[in-house]
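Please read the structure below before turning to the comments.
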Amino acid sequence: MTNIKQYDVIILGAGPAGATATIAFQKSGLKIAVLEKELFPRDKICGDAVSSVVKRILRQIDSNLEEQLAQFEEKVYIEKAKLYSPNFQSLEIAFSKKGHCIKREVFDNWLFEIAKQNKDADIFQQVKVTHVNTTPEYAEAVLSDGTIFRAKVLIGCDGAHSIAAKQLANFKVDKLHYSGAVRQYYKNIKGLEGNALEVYFLNGYLPGYFWIFPLKNNEANVGFGMLSDTISKQKIDLKKSMYDIINRIPEVAERFINAEPMEEVKGFGLPLGSKKYSISGNRFMLCGDAASLIDPFSGEGIETAMESGKFAAEQVLKCINANDFSDSILTSYDERVYKKMWNNFHNHYLLQKVLGNKVWLINLLIRFGNIPWVKRKIPKVFY
Ligand SMILES: Cc1cc2nc3c(=O)[nH]c(=O)nc-3n(C[C@H](O)[C@H](O)[C@H](O)COP(=O)(O)OP(=O)(O)OC[C@H]3O[C@@H](n4cnc5c(N)ncnc54)[C@H](O)[C@@H]3O)c2cc1C
């Protein structure tokens, strides 16, 4: 007979969304199964910019966690963004609160280690979930070896290629609301400021941007991303584009003269928050990339993954109290997520649309943005 493992909650995936949900369940006494296909520390292709909002989310869960992040030495502090127009004028935007850059392999492992302190959570690594299912009585996840996990509710935190999103919420990739991006770690890039995110809007590579984000030890995360619809229609090869940007655009190439790549170029998808989905249903919720919650302009998804993971854990506690895990009670999770995030997503989507590939407009805006009274009013874009 098949061995069925019984829990209160199944968390699928232990990235920022899943780890944060596990941490938020810390004092709940609920029996949690965290199912993760990789072995931590594991890499995640990303720009590695961890926004200042993450501190607030950690503080709201446990005031000690913000201090623990402050003590964590693997990060660099980010104080500003430098935006470059196609004609290479720059605009510096100082952040009111410091953000961070930390390699995801390191940051996610830091969060994962905190999640492991939840003594009521059984964390299973190197287990791949191949099937998820819900009935009125339970939610279940089936591993590739046939093992079945059953619980009152399942939280899908399994990233951009989420099985939970496909099998429970019937998500399909919508290329108008999805981006592709590539990343390559470098060391010794010339003129790297240790505290600035550099973002380049480049002629011939719009709509999209090239980035150089600083890391510890004079290393940097270098990348290039574009909307998937443009990538498909114009048959763009992101890896080749990144090579061309670094080697053929003189202003960029000059920075890379003595730079050394530390890995091959790697790519991954970004499900954007510019389209609303139904992110819960009978006995399940989706968080982070699984729920398509990446900022459509900046490409940031770590803070929204963590916030949605926290919201999902808090929603489970309400469901336990009401002994109700139906789709009707769980819609309050959708409402809370979109109440918090939708305005930002929508405004940044409009910005993405308006700028598009209009070289003249980006040149003009960056010039205009340097006028002091305008600069003071520039709204939060990256942080
Ligand atoms: C190139 C690129 C650059 C980016 N830059 C930034 C940036 O600078 N700042 C920022 O904030 N965001 C950035 N993002 C977005 C950010 O990486 C994601 O939004 C974030 O990782 C979402 O966290 P998550 O926990 O939802 O998913 P993930 O971090 O993807 O975690 C999902 C976890 O689920 C596990 N999993 C998946 N499927 C299964 C399965 N079937 N069974 C078991 N486990 C499974 C995975 O192994 C993984 O550990 C970038 C994304 C890309 C692609």
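The values are calculated or read from the model by the stated rules, or taken from the named source; none is laboratory data. Bear in mind the structure is a predicted one, so any value in this text is a computation, not a measurement. Cβ coordinates were reconstructed from backbone atoms using ideal geometry, including for glycine residues, and neighbour counts include every protein chain displayed. Calculation scope for accessible area: heavy atoms of the full protein, side chains included, ligands and nucleic acids excluded. Shrake-Rupley method; radii C 1.70, N 1.55, O 1.52, S 1.80 Å.
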- Selection status of Lys187, within 15 Å of the ligand (Cβ to nearest atom) and of a type in the set (D, E, K, R): no
- Query: Asp295 fails exactly one of the following numbered conditions: (1) in contact (Cβ under 8 Å) with a residue 60 or more places away in the chain; (2) touching a helix residue (DSSP H, G or I) at 6+ places or on another chain (Cβ under 6 Å). What is the number of that condition?
  - Reply: (1)
- Only one of (1) in contact with a Cys (Cβ under 9 Å, 6 or more places away or on another chain); (2) charged (D, E, K, R); (3) at pLDDT below 95 fails for Glu73. Which number is that? (1)
- Selected residue [within 20 Å of Met306 (Cα to Cα), out of contact with any His (no Cβ under 6 Å at 6 or more places or on another chain), more than 13 Å from the ligand (Cβ to nearest atom) and not in a helix (DSSP H, G or I)] from Lys97, Lys80: Lys97
- Message: Give me the residue from segment 153-198 that is in contact (Cβ under 8 Å) with a residue 12 or more places away in the chain and on the phi > 0 side of the Ramachandran plot and, out of that set, nearest to the chain's Cα centre (by Cα).
- Response: Gly159
- Complete set of residues in segment 200-218 that are closer than 15 Å to Ala253 by Cα and in a strand (DSSP E or B): Tyr200, Phe210, Trp211, Ile212
- Message: Suppose we filter segment 7-29 for residues that are near the ligand (Cβ under 6 Å from one of its atoms), of a type in the set (A, V, I, L, M, F, W, C) and part of a loop (DSSP other than H, G, I, E, B); how many remain?
- Response: 1
- Message: Could you go through segment 131-143 and let me know if any residue there is assigned to a helix (DSSP H, G or I) and surrounded by fewer than 21 Cβ atoms within 10 Å (Cβ to Cβ).
- Response: no
- Verdict on Lys216 being open to solvent by 40 Å² or more (accessible area, probe 1.4 Å) and in contact with a Cys (Cβ under 9 Å, 6 or more places away or on another chain): yes
- Residues of segment 283-342 satisfying the condition of being closer than 21 Å to Ile32 by Cβ and among the aromatic types (Phe, Trp, Tyr): Phe284, Phe311, Phe325, Tyr333
- Residue satisfying all of: in segment 30-59; within 17 Å of Ala312 (Cβ to Cβ) and more than 10 Å from the ligand (Cβ to nearest atom); most open to solvent (accessible area, probe 1.4 Å) among these: Lys31
- Filter segment 1-11 for residues that are open to solvent by 10 Å² or more (accessible area, probe 1.4 Å) and not polar (S, T, N, Q); the one that is nearest to Gly146 (Cα to Cα) is Ile4
- Residue that is surrounded by fewer than 16 Cβ atoms within 10 Å (Cβ to Cβ) and within 15 Å of the ligand (Cβ to nearest atom), where the choices are Ile163, Ile148: Ile148
- In segment 60-95, which residue that is in contact (Cβ under 8 Å) with a residue 24 or more places away in the chain and polar (S, T, N, Q) is least open to solvent (accessible area, probe 1.4 Å)? Ser85
- Message: Please count how many residues of segment 262-283 are within 16 Å of the ligand (Cβ to nearest atom) and either open to solvent by 10 Å² or more (accessible area, probe 1.4 Å) or part of a loop (DSSP other than H, G, I, E, B) (or both).
- Response: 15
- Item | Residue pairs meeting the criteria (Cβ under 8 Å; at least 6 apart or on separate chains; first open to solvent by 10 Å² or more (accessible area, probe 1.4 Å), in segment 300-326; second within 8 Å of the ligand (Cβ to nearest atom) and among the aromatic types (Phe, Trp, Tyr)) | none
- Complete set of residues in segment 296-311 that are more than 8 Å from the ligand (Cβ to nearest atom) and in a loop (DSSP other than H, G, I, E, B): Pro296, Phe297
- Message: Quick check on Phe256: is it open to solvent by less than 30 Å² (accessible area, probe 1.4 Å) and more than 20 Å from Ile163 (Cβ to Cβ)?
- Response: yes
- Query: Gln117: open to solvent by 10 Å² or more (accessible area, probe 1.4 Å), in contact (Cβ under 8 Å) with a residue 24 or more places away in the chain and either under 26 Å from Leu355 (Cα atoms) or more than 15 Å from the ligand (Cβ to nearest atom) (or both), yes or no?
  - Reply: yes
